[in-house]
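The values are calculated or read from the model by the stated rules, or taken from the named source; none is laboratory data. All figures in this text were calculated on a predicted structure; none of them were measured in a lab. All Cβ positions, even for glycine, are placed from backbone atoms using ideal geometry, and neighbour counts span all protein chains on display.
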2 protein chains.
Amino acid sequence: MTEPLKVAVAGLGTVGGGVIRLLRQQSDLIRRRCGRAIELVAVSALEPPPDLAAELAGVPWFGDAVTMAQDAAADVVVELIGGAHGVALRMCETALEHGRHVVTANKAMLAHHGTALAERAESRGLSLGFEAAVAGGIPVIKALREGLAGNRILEIHGILNGTCNYILSRMRREGLEFEAALADAQRLGYAEADPTFDIDGIDAAHKLAILASVAFGGPVRLVPDNVEGIRHVTAIDIKYAEQLGYRIKLLGITRRSGALFEQRVHPCLVPIETPIAAVEDVFNAVIIVGDFVDRVVLVGRGAGANPTASAVVADLVDIAAGRHAPTFGVAVADLDPIEPAPLSARVGAYYVRLMVRDEVGVLASVAGALAAGGVSIAQFFQDRHDPGEKVPVVLTTHATDEASMRRALDLITGLGPVMEPPRLIRIEPF
Amino acid sequence: MTEPLKVAVAGLGTVGGGVIRLLRQQSDLIRRRCGRAIELVAVSALEPPPDLAAELAGVPWFGDAVTMAQDAAADVVVELIGGAHGVALRMCETALEHGRHVVTANKAMLAHHGTALAERAESRGLSLGFEAAVAGGIPVIKALREGLAGNRILEIHGILNGTCNYILSRMRREGLEFEAALADAQRLGYAEADPTFDIDGIDAAHKLAILASVAFGGPVRLVPDNVEGIRHVTAIDIKYAEQLGYRIKLLGITRRSGALFEQRVHPCLVPIETPIAAVEDVFNAVIIVGDFVDRVVLVGRGAGANPTASAVVADLVDIAAGRHAPTFGVAVADLDPIEPAPLSARVGAYYVRLMVRDEVGVLASVAGALAAGGVSIAQFFQDRHDPGEKVPVVLTTHATDEASMRRALDLITGLGPVMEPPRLIRIEPF
């Protein structure tokens with residue numbers, strides 16, 4: 001039997017606690033699966049959490065994570081502190097400099113510094129594991145990097161943020177407005193007190209950038225211009241989408257598009273019969289399209305102490321068993337930067353909702369503006385309304401490029417009877 | 001750059017052709033992902049297929065696969081011949097004896113000889129890869145053995161045979177009877193001329209035995225008494241199931257059940273809103289439940305040249321990159337045999353359809369027989385019928401053990417007005 005793999009864990013919040021408990025509870029199982037034990041040799045947190053007292057008895061404790069990364073007698077350091085640029089990053093850099101593997105759940109750090117960290121790990125022959133950074137317990141990084149290694153990846157799309165999916169699911173089922181659903185999600189612990197990262201799509205964009213890098217073998221790259229969250233999704237749009245046979249989901253989408261690649265996060269209308277439309281509440285889903293395998297759908301819990309701990313420990317088991325893969329699927333020197341396409345280059349169908357004054361000729365003007373923009377209408381309806389109220393007008397388009405769509409919307413916005421800025425949501429057929 | 005990984009392929013049918021084409025087409029990509037090339041150094045088939053002439057030009061050809069396994073200068077032998085006990089097995093044994101890794105898509109061979117082959121591979125420090133043997137392109141073996149390695153697996157259930165799922169999907173959508181749907185599947189190449197292995201559940205049982213072994217860390221074990229195919233599924237049962245909110249799917253199910261484990265293949269009614277009910281046509285699905293990760297759903301193409309080639313090549317890439325995992329998740333000496341539970345021990349709900357003569361008291365007798373058997377009725381309805389015809393009576397039960405259910409069915413079968421043997425289908429709520 002080989003020596004135990006010695007692990008130091010920094011950050012003892014929800015996920016850290018899950019990892020500590022998993023390692024303790026499944027120690028026999030892990031030993032059988034790795035051929036060696038995984039041993040906790042140090043932890044770091046601002047304060048030792050009282051509920052982990054039993055598990056942490058006798059384990060050396062560091063107040064400073066960077067000091068731990070430097071001094072603890074660990075083969076691997078697990079980073080569960082969070083934050084893109086601060087102590088988490090310094091700790092990972094320090095661990096790698098001292099010849100220790102790193103396992104992290106930190107998507108923000110990887111989205112900003114992933115390539116540099118990968119280079120640092122690679123130059124020392126170390127692993128940088130990050131299964132837990134994307135889609136929680138779903139082993140999507142392993143599937144992509146190893147399980148589908150024979151494929152040229154053509155596209156990935158997915159529900160990458162459980163908070164948003166929970167909010168949208170509640171809005172649809174109960175007819176709630178965004179603010180009410182968010183408040184409930186916060187009350188239940190599914191959304192943070194400051195929910196910005198989740199609801200503005202930033203968290204999903206971090207994960208998508210990582211997935212795109214692994215899928216296409218390029219440096220990790222954020223494309224912040226192509227990110228839109230769910231703040232502006234309304235109950236009425238969810239209702240109309242459903243009438244038209246769609247559900248609204250916040251999706252991350254990345255695909256090859258000629259010499260460029262698309263990488264965007266925004267709410268989408270997806271046909272109700274697609275597998276992704278059925279993924280509700282806090283569940284995540286990732287759909288990978290490869291040239292040989294065709295379409296693979298992965299669904300599971302995208303967050304939470306236990307599913308995320310499952311992903312962290314999978315990386316530890318790989319290290320313990322001596323299994324190694326290049327961080328983003330290929331050697332850093334082989335990463336091939338390709339340019340992201342601007343959102344204006346998107347070609348696809350659109351959902352548009354207007355609120356208009358009910359007067360003679362308004363529909364003709366709207367239709368005229370779309371025609372002038374070169375946009376072809378697929379469906380068009382005006383909802384019932386009481387006299388004198390604003391009238392909702394809903395339409396979907398045939399496939400058009402986003403630049404034309406925006407020109408048409410500018411024309412529509414300028415029409416006298418159009419009383420609110422038009423609501424535009426992209427339709428993805430999949 | 002390391003030396004190329006030298007690969008010999010035996011069996012040049014559909015999947016073999018896919019593997020040869022993939023290796024050729026993606027050679028650059030594979031080289032970047034493994035850090036070395038994968039080189040085809042020998043092939044074996046009864047006759048060299050003319051459509052692969054370009055890809056096979058200059059590649060040494062063996063008429064006998066066992067001779068190739070012995071003599072070809074290969075690091076890995078890929079077995080795509082098929083058949084549980086014949087030349088495929090002898091070739092794999094020979095390859096391992098000669099220090100060559102084996103990659104195979106042969107579920108029948110693994111179901112019968114998997115443990116012995118794993119032992120032979122392990123004793124020589126070789127890999128025995130079989131991602132392609134279960135669920136085609138879906139990287140489920142990797143997910144289970146590595147991606148979820150921190151979990152105690154509680155349950156796996158899935159649609160493991162695309163032929164059956166295609167037939168059931170066509171029957172449901174078009175109201176076809178089994179024979180008509182099978183004939184169409186054969187015409188379209190989705191079913192073999194002799195479809196026995198698929199439609200009688202044997203193929204699914206082979207795959208389930210492999211999954212159970214990896215999930216629970218036990219020797220591979222077929223439980224033939226617990227296997228039932230789809231020959232007896234009728235259009236009318238599919239229709240009634242739908243009326244009750246269910247779809248009929250052929251499922252493989254394995255779960256821990258006290259000191260025993262369940263391992264069974266049979267048609268099931270599954271609630272229409274579960275993800276598995278939405279998996280249609282030739283797609284496969286595997287749902288894994290782990291104690292930390294909770295539920296992970298994997299869906300993709302379970303057969304076909306390209307998806308299966310994707311899985312074969314994933315195993316080759318792992319070998320090329322030096323990644324190794326124990327065949328069934330743990331060392332052979334650590335495999336822990338647990339006993340399969342008999343089907344009579346199943347506890348769950350049931351769907352029953354009877355055809356009765358419409359006469360006074362018949363429903364009372366049926367209800368009485370169920371009560372006498374200790375079975376509690378959940379739903380009960382009698383369909384409309386023309387006078388004088390046989391009357392369909394459909395019922396579902398609350399959870400009961402299968403032994404009680406069978407006792408009640410025996411009583412019902414003996415009732416005078418019951419004109420056909422009752423149809424029993426198990427309900428799985430998931």
* Structure fact -> Scanning segment B:78-134 for residues that are farther than 21 Å from residue B:308 by Cβ, of a type in the set (S, T, N, Q) and outside the structural domain of residue B:23 (by TED's automatic domain parsing) gives B:115, B:123
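Residue-by-condition table, conditions (1) buried (at least 17 other Cβ atoms within 10 Å of the Cβ); (2) in contact with a helix residue (DSSP H, G or I) (Cβ under 6 Å, 6 or more places away or on another chain); (3) at pLDDT 95 or above; (4) not polar (S, T, N, Q):
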| site | (1), (2), (3), (4) |
| --- | --- |
| B:386 | no, no, no, yes |
| B:391 | yes, no, no, yes |
| B:396 | yes, no, yes, no |
| B:416 | no, no, no, yes |
* Asked: With respect to residue A:65, is the statement that it is out of contact with any His (no Cβ under 9 Å at 6 or more places or on another chain), crowded, with 22+ Cβ neighbours inside 10 Å and more than 18 Å from residue A:308 (Cβ to Cβ) true?
  -> yes
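I need the full set of residues from segment A:215-229 which are touching a residue at least 60 places away in the same chain (Cβ under 8 Å) and either in a loop (DSSP other than H, G, I, E, B) or aromatic (Phe, Trp, Tyr) (or both), in order please. I'd like the intermediate steps shown before the answer.
First pass over segment A:215-229, keeping only residues touching a residue at least 60 places away in the same chain (Cβ under 8 Å): A:215-223, A:225-226, A:229.
Matches in segment A:215-229: A:216, A:217, A:218, A:219, A:220, A:221, A:222, A:223, A:229.
Within segment A:283-305, identify whether any single residue is farther than 30 Å from residue B:279 by Cβ and assigned by TED's automatic domain parsing to the domain that holds residue A:174, and answer yes or no.
No - not one qualifying residue is present in segment A:283-305.
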* Asked: Restricting the search to segment A:325-349, which residues are assigned to a loop (DSSP other than H, G, I, E, B), at the interface with chain B (Cβ under 10 Å from one of its Cβ atoms) and either touching a strand residue (DSSP E or B) at 6+ places or on another chain (Cβ under 7 Å) or surrounded by fewer than 17 Cβ atoms within 10 Å (Cβ to Cβ) (or both)?
  -> A:331, A:336
* Which pairs do you get when a residue that is assigned by TED's automatic domain parsing to the domain that holds residue A:249, found in segment A:172-200, comes within reach of a residue that is loosely packed, with under 12 Cβ neighbours inside 10 Å, reach meaning Cβ atoms under 7 angstrom, with the pair 6+ apart or on two chains? -> A:186/A:193
* Within segment A:264-291, count every residue that is under 20 Å from residue A:153 (Cβ atoms), under 13 Å from the mean Cα position of the chain (by Cα) and facing chain B (nearest Cβ under 10 Å). => 2
* Would segment A:373-387 turn up any residue that is in contact (Cβ under 8 Å) with a residue 12 or more places away in the chain and either under 25 Å from the mean Cα position of the chain (by Cα) or within 14 Å of another protein chain (Cβ to nearest Cβ) (or both)? -> no
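Do we have residue B:206 as at pLDDT 95 or above, in contact with a strand residue (DSSP E or B) (Cβ under 6 Å, 6 or more places away or on another chain), closer than 23 Å to residue B:131 by Cβ and not hydroxyl-bearing (Ser, Thr, Tyr) here? Write out each step before concluding.
Working: at pLDDT 95 or above: yes; in contact with a strand residue (DSSP E or B) (Cβ under 6 Å, 6 or more places away or on another chain): no; closer than 23 Å to residue B:131 by Cβ: yes; not hydroxyl-bearing (Ser, Thr, Tyr): yes.
Against the criterion (at pLDDT 95 or above, in contact with a strand residue (DSSP E or B) (Cβ under 6 Å, 6 or more places away or on another chain), closer than 23 Å to residue B:131 by Cβ and not hydroxyl-bearing (Ser, Thr, Tyr)), residue B:206 does not qualify.
Could you list all residues from segment B:270-285 that are closer than 22 Å to residue B:185 by Cβ and touching a residue at least 60 places away in the same chain (Cβ under 8 Å)? Even if it seems obvious, please write down each step before you answer.
Our first condition is that a residue be closer than 22 Å to residue B:185 by Cβ; within segment B:270-285, this holds for B:270, B:276-285.
Answer for segment B:270-285, where residues must be closer than 22 Å to residue B:185 by Cβ and touching a residue at least 60 places away in the same chain (Cβ under 8 Å): B:270, B:276, B:279, B:280, B:281, B:282, B:283, B:284, B:285.
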* Which of the following residues is touching a helix residue (DSSP H, G or I) at 6+ places or on another chain (Cβ under 8 Å) and not hydroxyl-bearing (Ser, Thr, Tyr): B:263, B:243? -> B:263
* Structure fact -> residue B:155 passes all but one of the listed conditions (1) more than 22 Å from the chain's Cα centre (by Cα); (2) closer than 25 Å to residue A:31 by Cα; the exception is number (1)
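Starting from residues that are small (Gly, Ala, Ser) and away from every other protein chain (no Cβ under 14 Å), keep the ones in segment A:17-49 and report whichever is farthest from residue B:327 (Cα to Cα).
Filtering segment A:17-49 for residues small (Gly, Ala, Ser) gives A:17-18, A:27, A:35, A:37, A:42, A:44-45.
Then keep just the ones that are away from every other protein chain (no Cβ under 14 Å); that gives A:42, A:44-45.
Working: A:42: 33, A:44: 36, A:45: 39 Å.
For segment A:17-49, the residue satisfying everything is A:45.
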* Selection status of residue A:15, surrounded by 24 or more Cβ atoms within 10 Å (Cβ to Cβ) and assigned to a helix (DSSP H, G or I) -> yes
* Structure fact -> Those residues of segment A:68-86 that are buried (at least 18 other Cβ atoms within 10 Å of the Cβ) and of a type outside the set (Asp, Glu) come to a total of 9
* Structure fact -> Among residues of segment A:373-402 being hydroxyl-bearing (Ser, Thr, Tyr) and in a strand (DSSP E or B), the residue farthest from residue A:355 (Cα to Cα) is A:400
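I need the full set of residues from segment B:227-284 which are of a type in the set (S, T, N, Q) and either under 22 Å from residue B:355 (Cα atoms) or crowded, with 20+ Cβ neighbours inside 10 Å (or both), in order please. Can you show your working first?
Looking only at segment B:227-284, we keep the residues that are of a type in the set (S, T, N, Q), and these are B:234, B:243, B:254, B:257, B:263, B:274, B:284.
Once the filter is applied, which keeps residues that are of a type in the set (S, T, N, Q) and either under 22 Å from residue B:355 (Cα atoms) or crowded, with 20+ Cβ neighbours inside 10 Å (or both), segment B:227-284 yields B:234, B:243, B:254, B:263, B:284.
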* **Cβ-Cβ under 6 Å pairs, at least 6 apart or on other chains, segment B:121-138 side within 16 Å of residue B:312 (Cα to Cα), far side polar (S, T, N, Q) and not in a helix (DSSP H, G or I)** => B:128/B:327; B:130/B:104; B:135/B:284
* To do: For segment A:230-251, indicate whether the set of residues that are of a type in the set (D, E, K, R), touching a residue at least 60 places away in the same chain (Cβ under 8 Å) and in a strand (DSSP E or B) is non-empty.
  => yes
* Out of all the residues in segment A:90-107, which are surrounded by fewer than 22 Cβ atoms within 10 Å (Cβ to Cβ) and either assigned to a helix (DSSP H, G or I) or modelled with pLDDT under 95 (or both)? -> A:90, A:93, A:94, A:97
* To do: Mind telling me which of the residues A:64, A:28, A:71 ends up being under 30 Å from the mean Cα position of the chain (by Cα), of a type in the set (D, E, K, R) and not assigned by TED's automatic domain parsing to the domain that holds residue A:192?
  => A:64
* Answer yes or no: is there a residue in segment A:18-35 that is modelled with pLDDT under 95 and touching a strand residue (DSSP E or B) at 6+ places or on another chain (Cβ under 8 Å). => yes
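Kindly indicate whether any position in segment A:356-363 is buried (at least 19 other Cβ atoms within 10 Å of the Cβ) and either among the polar types (S, T, N, Q) or within 14 Å of chain B (Cβ to nearest Cβ) (or both).
Taking segment A:356-363 as the starting set, the residues that turn out to be buried (at least 19 other Cβ atoms within 10 Å of the Cβ) are A:356, A:362.
Add one more test, that the residue is either among the polar types (S, T, N, Q) or within 14 Å of chain B (Cβ to nearest Cβ) (or both), and what stays is none.
Checked segment A:356-363: no residue is buried (at least 19 other Cβ atoms within 10 Å of the Cβ) and either among the polar types (S, T, N, Q) or within 14 Å of chain B (Cβ to nearest Cβ) (or both).
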* For segment B:293-322, what are the residues that are part of a strand (DSSP E or B) and of a type outside the set (Asp, Glu)? -> B:295, B:296, B:297, B:298, B:299, B:300, B:301
* **Flag for residue B:4 being away from chain A (no Cβ under 14 Å) and closer than 30 Å to residue A:331 by Cβ** => yes
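Identify all residues within segment B:304-324 that are among the acidic types (Asp, Glu) and within 7 Å of another protein chain (Cβ to nearest Cβ); write none if there are none. Give the steps one after another, and end with the answer.
Looking only at segment B:304-324, we keep the residues that are among the acidic types (Asp, Glu), and these are B:315, B:318.
Passing the criteria: only B:318.
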* Asked: Mind checking which residues of segment B:292-303 are facing chain A (nearest Cβ under 8 Å) and touching a residue at least 60 places away in the same chain (Cβ under 8 Å)?
  -> B:292, B:293, B:296, B:298, B:299, B:300, B:301
